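Here, each number is a calculation from the coordinates, and none is a lab measurement. The shown structure was predicted, so the numbers you read here are calculated from the model rather than taken from an experiment. FYI the Cβ positions are ideal-geometry reconstructions off the backbone, even for glycines, and counts take in every protein chain you see.
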Amino acid sequence: MRINRTRSRIKLGLSCLVALACVVGIGFSGYKIIEWMKDSHETKAASTEIEHVAALTEVETSEDEEEVIETNEPETSIYWKYLNTNLIDVNFSELKAMNRETAGWIQVGGTNINYPFVQTSNNDYYLKHSFDGSYNSAGWVFADFRNKIDGSDRNMIVYAHGRYDTTMFGSLRNILTSGWLKNPDNYIVRTSSESENALWQVFSTYRIETTNDYIQTSFTGDDEFDRFVNMLKDRSAHDFNTTVNGKDHILTLSTCYSKTERVVMHAKLIKRVRK
């Protein structure tokens, strides 16, 4: 009898512990949901304010102003249509008054990506801080700390969280869908910095297990870079029928798809106007 009572007490104790663990787990999950919603609300509010301050405009430029990047694209390529796309410009004096680490602005066709991007001395800070420097798990859009923002780097890399509410780089997931891929008007990225306004043509999109082989920023020469961009092109889940070579400059966008996977886009520079 005593053994049975002891066993009953043990079972009751274990049941209580399990119940307590469940309550704690539910409470923690609820807290994380509330925190996520709060950060999401603050991110959307910040984006609205920033968009107003930035005063983004489309810029029509003449052929004399434009630097068109040399290409081997055939006459039938949609590349020639893309060259007619207007560039964008923003008010950097106002943006830098809000955050002196403002490095540029990025806009991606067929997505909600239309944000300023920042750059600091590491790739960690803006994973947990918003544009104004306040703590926020949504983070912000940021350039790799190794990059130079003057347009001289061969591979310019920009990161952000892949938020399920489609803020930050959440809508970069669109590039994996047939709807996005069926519309060639989406294959354009426009950027603006204090030194130049630029136009980029997408040549590779994919989902991949987490790796760092596509976030290389320095190269020994054209031959190494040629091998690098051909690796990225061959990896693409879609054939964009776009030529890329060792003399190009490219833009890389990277975000999380899951805990172990990334969504990645690469685009080549096709036109810019120096300021």
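Rounded to the nearest 10 degrees, the inclination of helix 222-235 to the longest alpha-carbon principal axis of the chain is 50 degrees. Given R0 = 22 Å, the distance between the Cβ atoms of T48 and F145 translates into a calculated FRET efficiency of 0.20. Along the axis of the charge dipole computed for segment 126-275 (Cβ charges of +1 for Lys and Arg, -1 for Asp and Glu, origin at the Cα centre), the listed residues S192, M265, T252 are led at the positive end by S192.
For the cross-link pairs K81/K268; K38/K128; K148/K259, the ones whose C-alpha atoms lie over 24 Å apart are K148/K259.
For segment 130-144, 3J(HN,Hα) computed residue by residue from phi via the Karplus equation (6.51, -1.76, 1.60; θ = phi - 60°) reads 7, 4, 8, x, 6, 5, 7, 5, 6, x, 8, 7, 9, 8, 4 Hz, glycine and proline entered as x. A straight line joining the Cα centroids of segment 173-231 and segment 66-115 runs 13 Å.
Out of all DSSP beta bridges in the chain, what portion is antiparallel? Express it as a percent rounded to 5.
Values: 43 of 49 bridges.
Roughly 90 percent of the beta bridges in the chain run antiparallel, per DSSP.
In vacuum, with every alpha carbon of the chain counted as one equal point scatterer, what does the Debye formula give for log10 I(q)/I(0) at q = 0.17 Å⁻¹? Two decimals, please. Treating every Cα as an identical point scatterer, log10 I(q)/I(0) equals -1.44.
If you fit an axis through the alpha-carbon atoms of helix 2-54 and take the longest principal axis of the Cα set of the chain, what angle between them do you get, 0 to 90°, nearest 10? In the chain, helix 2-54 runs at an angle near 30 degrees to the longest axis.
Ordering N212, H238, I149 by the projection of their Cα atoms onto the charge dipole of the chain, which places +1 on the Cβ of Lys and Arg and -1 on the Cβ of Asp and Glu, puts N212 at the extreme positive end.
Overall, the chain carries a charge dipole of about 2580 debye about its Cα centre when +1 sits on the Cβ of Lys and Arg and -1 on the Cβ of Asp and Glu, all other atoms neutral. Summarising the label geometry, the points placed 7 Å from Cα in the beta-carbon direction at E63 and Y164 lie 5.2 nm from one another.
Starting with the fewest neighbours, write out W200, W80 ranked by other beta-carbon atoms found within 10 Å of each beta-carbon. Could you put the intermediate results ahead of the total?
On the way: W200 27, W80 13.
Ordered from fewest to most neighbouring Cβ atoms within 10 Å, W200, W80 come out as W80, W200.
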